[in-house]
Amino acid sequence: MALAGMRDALSLPAWVVGLGLIGVGSLARDVGYPVEVAVLSTMLVWAGPSQVIFFASIATGAAWSAIAIAIGFASLRFLPMTVAILPLLKRPGQSVWMELLLAHYVAVTAWTEGLRRLPAVPPPQRVAYFLGFANTCMATSSIGTFLGYYLIGALPIPFAAGLMCLTPIFFLASLSAGLRHRGDVAAILLGLALAPVCDRFIGGGFDLIVAGLIAGTIAFALRPKKAAP
Amino acid sequence: MTPAITQPIAWLDGPFWPYLALLLFAVLPTEIWRWLAVAFSRRLDANSPALEWVRAVATALLAGIVAKLIISPPGALAAVPLALRVAALAVTLAIMLVDRRRVMLAVLAGEATLIAGAWWILRV
């Protein structure tokens with residue numbers, strides 16, 4: 001069953017995340033961190049946005065506290081995401097350690113694909129399937145990070161720029177893929193619009209957090225009210 | 001002139017600083033939410049208003065990261081004019097808003113816009 005997960009990952013998602021993380025390798029190199037740190041960031045953080053904030057913020061001289069808070073907020077989504085996917089993977093007698101391991105793989109790709117594909121997998125085989133799928137994505141991503149660290153500098157500028165641009169383009173596409181209602185659309189559009197404004201007026205690397213809080217709160221207020229139960 | 005990079009915390013500095021910084025300021029603030037989810041997964045309703053708000057803030061924050069990467073881009077992307085970077089993003093967003101299952105098409109179209117445009121502008 002792990003093989004089925006690997007096969008489904010290689011059908012497309014693993015390649016997309018692998019390409020998307022090439023930019024992270026290049027960002028790590030730009031701030032002079034070793035390649036091991038770049039690849040470890042893919043395996044241990046396993047969240048493209050967190051990795052991009054980490055290396056890109058270091059490049060702009062942001063305070064460590066601001067970096068950690070921005071990453072913390074950007075990763076808050078893993079709480080509801082993990083809460084949503086764990087019931088699909090839970091088995092009687094499963095240890096807490098296994099649940100922590102499974103939770104570690106929760107990130108945009110494994111989560112969206114997992115929610116879509118897991119219900120069709122017989123419950124006893126889901127853990128193997130999910131681990132096969134997620135580890136395949138992690139392997140291609142680690143290779144992508146490694147290649148990006150060494151490759152981007154050697155490419156003609158249009159292609160290097162194209163690879164660097166994969167990260168924002170892929171984030172935006174995955175975010176839009178999860179749209180459910182006008183509140184989500186508002187969150188994306190307001191976030192896009194407010195971040196540059198806050199960047200101009202708020203210093204120390206806290207601009208992103210402020211933009212996210214304002215835009216997210218407005219979007220939350222705009223969400224459609226649920227139908228009465 | 002590039003701004004100075006964030007300096008290591010002096011009393012923790014050393015050959016392992018990049019690893020330590022990664023663990024403290026990237027792995028920990030990311031992983032903690034996955035751990036909390038495991039701890040609370042029996043008691044939290046994924047549809048509660050509080051988690052809806054968290055989700056909205058996280059979505060806006062991610063969109064904000066996208067905007068920052070486009071407006072003040074790192075590395076080679078800075079060699080491409082701002083208008084072209086915005087155009088590539090707009091192509092991706094437009095396709096996704098028309099059909100949100102077309103992730104691959106949206107990514108490829110945005111990339112094609114950027115690479116072809118950069119090729120054409122920088123060829124001189």
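Nothing in this text is a laboratory measurement; each read-out follows from the coordinates by a stated rule. Please read all numbers here as calculations on a predicted model, not as lab measurements. Positions of Cβ are backbone-derived with ideal geometry, glycine not excepted, and every protein chain shown enters the neighbour counts.
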Inset, instruction - Give the residue from A:Gly144, A:Thr42, A:Leu76 lying farthest towards the positive end of the charge dipole for region A:2-155; charges sit on Cβ (+1 for Lys and Arg, -1 for Asp and Glu) and the dipole is referred to the Cα centre. - result: A:Leu76
Legend entry - Dipole-positive endmost among A:Phe201, B:Pro49, B:Gly64 within the protein assembly as shown (Cβ charges, Cα centre): B:Pro49
Inset, instruction - Kindly state, to the nearest 0.05, the FRET efficiency for A:Tyr150 paired with B:Ala116, given R0 = 22 Å and r defined as their beta-carbon distance. - result: 0.30
Inset, instruction - Kindly point out which whole DSSP H helices in chain A project their C-alpha atoms 24 angstrom or further along the helix axis while averaging a Kyte-Doolittle hydropathy of 1.0 or above. - result: A:157-177, A:182-201
Inset, instruction - Give the order of A:Tyr33, B:Tyr19 when sorted by the count of other beta carbons within 10 angstrom, beginning with the fewest. - result: B:Tyr19, A:Tyr33
Legend entry - Separation between Cα centres of region A:5-42 and region A:150-229, rounded to whole Å: 20 Å
Legend entry - FRET efficiency estimate (nearest 0.05) - Cβ-Cβ, B:Ala87 to A:Ala221, R0 35 angstrom: 0.65
Legend entry - Value in Å of the Kirkwood radius, where region A:2-155 supplies the Cα pairs that are averaged: 16.2 Å
Inset, instruction - Can you tell me the order of B:69-75, A:195-201 when each peptide is scored by its average per-residue count of other Cβ atoms within 10 angstrom, highest first? - result: B:69-75, A:195-201
Inset, instruction - For chain A, set up a Gaussian network in which alpha carbons nearer than 10 Å are linked by springs, and say which option among A:Met43, A:Met138, A:Met98 fluctuates the most. - result: A:Met98
Inset, instruction - For the protein assembly as shown, just the Cα set please: Rg and Dmax, both in angstrom. - result: 19.4, 66
Inset, instruction - Taking the Cα centre of the protein assembly as shown as origin, sum charge times position over the Cβ atoms of Lys and Arg (+1) and Asp and Glu (-1), and report the length of that vector in debye to the nearest 20. - result: 1040 debye
Inset, instruction - Work out from phi, with θ = phi - 60° and the Karplus expression 6.51 cos²θ - 1.76 cosθ + 1.60, the ³J(HN,Hα) of each residue of region B:5-21, listed in order in whole Hz, and give x for Gly and Pro. - result: 6, 4, 7, x, 5, 3, 6, 10, 5, x, x, 9, 3, x, 5, 5, 4
Inset, instruction - Rounded to the nearest 0.05, what FRET efficiency do B:Ala39 and B:Leu105 give with R0 = 35 Å and r taken as the Cβ-Cβ distance? Could you check? - result: 0.35
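Taking beta carbons within 10 Å but only from partner chains, what does the mean come to for residues A:41-50?
Partner-chain Cβ atoms within 10 Å, mean over residues of A:41-50: 5.
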Legend entry - Fully extended contour minus Cα-Cα distance, from A:Trp15 to A:Ile143, at 0.36 nm per residue: 45.0 nm
Legend entry - Most mobile listed residue (B:Trp33, B:Trp11, B:Trp53) in chain B, GNM with C-alpha springs under 10 Å: B:Trp11
Inset, instruction - Starting from the exponent 0.38 and prefactor 2.2 Å, build the expected Rg for region A:114-212 from its residue count and divide its actual Cα Rg by it. - result: 1.48
Inset, instruction - For peptide A:181-192, compute the average count of partner chain beta-carbon atoms within 10 Å of each residue's beta-carbon. - result: 5
Legend entry - Length-normalised contact order for region A:2-155 - Cα pairs under 8 Å, 6+ apart - percent: 53 percent
Legend entry - GNM flexibility winner over chain B from B:Ala76, B:Ala88, B:Ala58 (Cα, springs under 10 Å): B:Ala76
Inset, instruction - Mind jotting down the distance between the C-alpha centroids of region B:16-35 and region B:59-79, whole Å? - result: 22 Å
Inset, instruction - Let me know the charge dipole size of chain B about its Cα centre in debye, to the nearest 20, where only the beta-carbon of Lys, Arg (+1) and Asp, Glu (-1) is charged. - result: 300 debye
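Taking each residue of A:19-29 in turn, how many C-beta atoms of other protein chains fall within 10 Å of its C-beta, and what is the average? Each step should come with its number before you reach the end.
Working: counts 2, 1, 0, 0, 5, 0, 0, 4, 3, 2, 1.
Shielding by partners across A:19-29 averages 2.
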